[in-house]
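Student: Let me give you the structure first, and then I'll get to my questions.
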Amino acid sequence: MYKLLLATNQQAVRDAFAAVDWDALGFKQPRVAATVEEALASLRAHHADAIAIALPGAEDDALMRQLMTAHPDLPVMEAPDMRGDVEIRALELRKLLIRLNSDVSNDNYTASDQMMYCRHEYFRALMDRRVPSGKDVERVLRLVRSKMDPHRPCVVAEMKLPGDGEFLKGRWHYGPERLEMALRNIFGVEVAGLRILSCVLPGERIVLLGCPIRYHELETEENSMTGVISRHVQDCIAHVGEYLGIDLTIAEMRVLPALTALASDQEQ
């Protein structure tokens, strides 16, 4: 059974968690910590598969900063104050924990490797505008421990494949999954306080995102993020041409006010 730590000083949240039948959800009864210090001490003394947090803004921020350093892959669950909502979030968490602990390959994948794959699946869903709302963007980014900051301006670039839209079915016959993995290895980087990721979406769309990293100061002005990303993309395009034989071009680049603007309820 999975072990969950609840960090909260809110009695309503404690009551909601106490009312849940955790055995039926596959969890032991959660440990409870009232402060950041108690939560960190509990994590040092006891194993936890995940942590649920409902603390005031400054304390939440302080705990998340500590978790980024000491427990970068520990899932962070939203901690609601209604029993039904707690159960919904616990089922979402259990689904993730099953993925993280599953043995699906002969390769020696760690839980950290599995979390990386889960993060990329979520990133692809976000870029494909399949995340319902801005609140969902924030919640799941915390759950999968993404470094991306959902509240700061970010840059989205779309790249064009050669040909007439049938490139992946014709000339480059390895398929979109192989292409995405190759592009991920080439484009994926942290530079100038930005996390840069890429994915291949239906319709042969190659989309790249440059997003500020949580709790990191940008090493460049926000209005010049496009310059940093443009230079990085041009360098990567040269590598793609050299190693994969694909002539990519930048079709569009735009600045979004925040990552939450990619939620489907924000689509114009």
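The values are calculated or read from the model by the stated rules, or taken from the named source; none is laboratory data. For clarity, every value in this text was computed on a predicted model and none was experimentally measured. Backbone-built Cβ (ideal geometry, glycine too); neighbour counts: all protein chains shown. Heavy atoms of the whole protein, side chains included, go into the accessibility calculation; ligands, DNA and RNA do not. Shrake-Rupley method; radii C 1.70, N 1.55, O 1.52, S 1.80 Å.
Student: Among the residues of segment 185-216, what is the count of those that are closer than 30 Å to Asp61 by Cβ and charged (D, E, K, R)?
Tutor: The qualifying residues number 3.
Student: Collect the residues in segment 42-55 that are assigned to a helix (DSSP H, G or I) and open to solvent by 40 Å² or more (accessible area, probe 1.4 Å), keeping them in residue-number order.
Tutor: Those that are assigned to a helix (DSSP H, G or I) and open to solvent by 40 Å² or more (accessible area, probe 1.4 Å): Arg44, Ala45.
Student: Can you tell me how many residues in segment 121-132 are outside any helix (DSSP H, G or I) and open to solvent by 70 Å² or more (accessible area, probe 1.4 Å)?
Tutor: Total meeting the criteria: 2.
Student: If you don't mind, there's one more thing I want to ask. Look at segment 226-249 and say how many of its residues are over 20 Å from Leu183 (Cβ atoms) and either open to solvent by less than 10 Å² (accessible area, probe 1.4 Å) or in contact (Cβ under 8 Å) with a residue 60 or more places away in the chain (or both).
Tutor: Matching residues across segment 226-249 total 0.
Student: Take segment 6-41 and flag every residue that is open to solvent by 20 Å² or more (accessible area, probe 1.4 Å), part of a helix (DSSP H, G or I) and within 21 Å of His71 (Cα to Cα).
Tutor: Glu37, Glu38, Leu40, Ala41
Student: Please verify whether segment 179-202 includes one or more residues that are assigned to a strand (DSSP E or B), out of contact with any strand residue (DSSP E or B) (no Cβ under 8 Å at 6 or more places or on another chain) and more than 13 Å from Ala157 (Cβ to Cβ).
Tutor: yes
Student: Let me confirm something: among Ala90, Ala58, which residue is within 21 Å of Lys135 (Cα to Cα) and open to solvent by 50 Å² or more (accessible area, probe 1.4 Å)?
Tutor: Exactly one residue qualifies, and that residue is Ala58.
Student: Further, regarding this structure: Quick check: anything in segment 62-77 charged (D, E, K, R) and within 13 Å of the chain's Cα centre (by Cα)?
Tutor: Yes: segment 62-77 contains one or more residues that are charged (D, E, K, R) and within 13 Å of the chain's Cα centre (by Cα).
Student: Against the definition (more than 21 Å from Gln114 (Cβ to Cβ) and among the charged types (D, E, K, R)), how does Lys3 come out, yes or no?
Tutor: For Lys3, the condition - more than 21 Å from Gln114 (Cβ to Cβ) and among the charged types (D, E, K, R) - is not met.
Each row is one residue, and each column tells you yes or no for (1) more than 15 Å from Arg184 (Cβ to Cβ); (2) crowded, with 20+ Cβ neighbours inside 10 Å; (3) under 14 Å from the mean Cα position of the chain (by Cα).
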{"residue": "Leu96", "(1), (2), (3)": "yes, yes, yes"}
{"residue": "Thr110", "(1), (2), (3)": "yes, no, no"}
{"residue": "Arg119", "(1), (2), (3)": "no, yes, yes"}
{"residue": "Leu143", "(1), (2), (3)": "yes, yes, yes"}
{"residue": "His151", "(1), (2), (3)": "yes, no, yes"}
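Student: Let me ask something else. Kindly indicate whether any position in segment 163-176 is at pLDDT 85 or above and either among the hydroxyl-bearing types (Ser, Thr, Tyr) or open to solvent by 20 Å² or more (accessible area, probe 1.4 Å) (or both).
Tutor: Among the residues of segment 163-176, not one is at pLDDT 85 or above and either among the hydroxyl-bearing types (Ser, Thr, Tyr) or open to solvent by 20 Å² or more (accessible area, probe 1.4 Å) (or both), which makes the answer no.
Student: Is there a residue being modelled with pLDDT under 95, within 26 Å of Phe167 (Cβ to Cβ) and open to solvent by 40 Å² or more (accessible area, probe 1.4 Å) anywhere in segment 204-212?
Tutor: Yes - at least one qualifying residue is present in segment 204-212.
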